[in-house]
C-alpha cells in the first residue's frame, strides 16, 4: 500500500511540474526554438508570424504562416519530464 501511495504522489508531483513548465512558465525560449525550427523549412524573411500557439502539460505547439502556407512546430522535453527542450517541424 505504501508503494502505491508513493507512486501516486510521484505521478501527482510530475504532473504539477509538467503543468508549470509547459503551461504556466515563460515560453519565450520555446518560441525562439520553434521559430528556428520553422525557418529550416521556409525562408524566415518571408514569414508573416506566429498565428497559433497551444500549451499542454506535455508540450507546446506553434503555427507559423507564410504567404505560401503554414508550418506547424511541436516542442517537448527530451526525456518527457527533464532534458533540453526540442522543437521539430510536424509533417504536413
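Results for (1) surrounded by fewer than 17 Cβ atoms within 10 Å (Cβ to Cβ); (2) modelled with pLDDT under 90; (3) not in a helix (DSSP H, G or I), shown as yes or no for each residue.
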{"site": "10", "(1), (2), (3)": "yes, no, no"}
{"site": "18", "(1), (2), (3)": "no, yes, no"}
{"site": "48", "(1), (2), (3)": "yes, yes, yes"}
{"site": "51", "(1), (2), (3)": "yes, no, yes"}
{"site": "58", "(1), (2), (3)": "yes, yes, yes"}
{"site": "71", "(1), (2), (3)": "no, no, yes"}
{"site": "86", "(1), (2), (3)": "yes, no, yes"}
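The set of residues from segment 33-46 being assigned to a helix (DSSP H, G or I) and either in contact (Cβ under 8 Å) with a residue 12 or more places away in the chain or loosely packed, with under 11 Cβ neighbours inside 10 Å (or both) comprises 33, 34, 35, 36, 37, 38, 45, 46. In segment 75-84, the residue that is modelled with the lowest pLDDT out of those that are out of contact with any helix residue (DSSP H, G or I) (no Cβ under 7 Å at 6 or more places or on another chain) and either exposed (fewer than 11 other Cβ atoms within 10 Å of the Cβ) or at negative phi (or both) is 82. Kindly indicate whether residue 5 is loosely packed, with under 13 Cβ neighbours inside 10 Å, part of a helix (DSSP H, G or I) and without any contact (Cβ under 8 Å) to a residue 60 or more places away in the chain. For residue 5, the condition - loosely packed, with under 13 Cβ neighbours inside 10 Å, part of a helix (DSSP H, G or I) and without any contact (Cβ under 8 Å) to a residue 60 or more places away in the chain - is met. All of 26, 21 fail the test of being under 13 Å from the mean Cα position of the chain (by Cα) and under 15 Å from residue 82 (Cβ atoms), apart from 21.
The values are calculated or read from the model by the stated rules, or taken from the named source; none is laboratory data. It should be emphasised that the depicted structure is a prediction, and the values quoted were computed from it without experimental measurement. Virtual Cβ from ideal backbone geometry, glycine too; neighbours counted across all protein chains shown.
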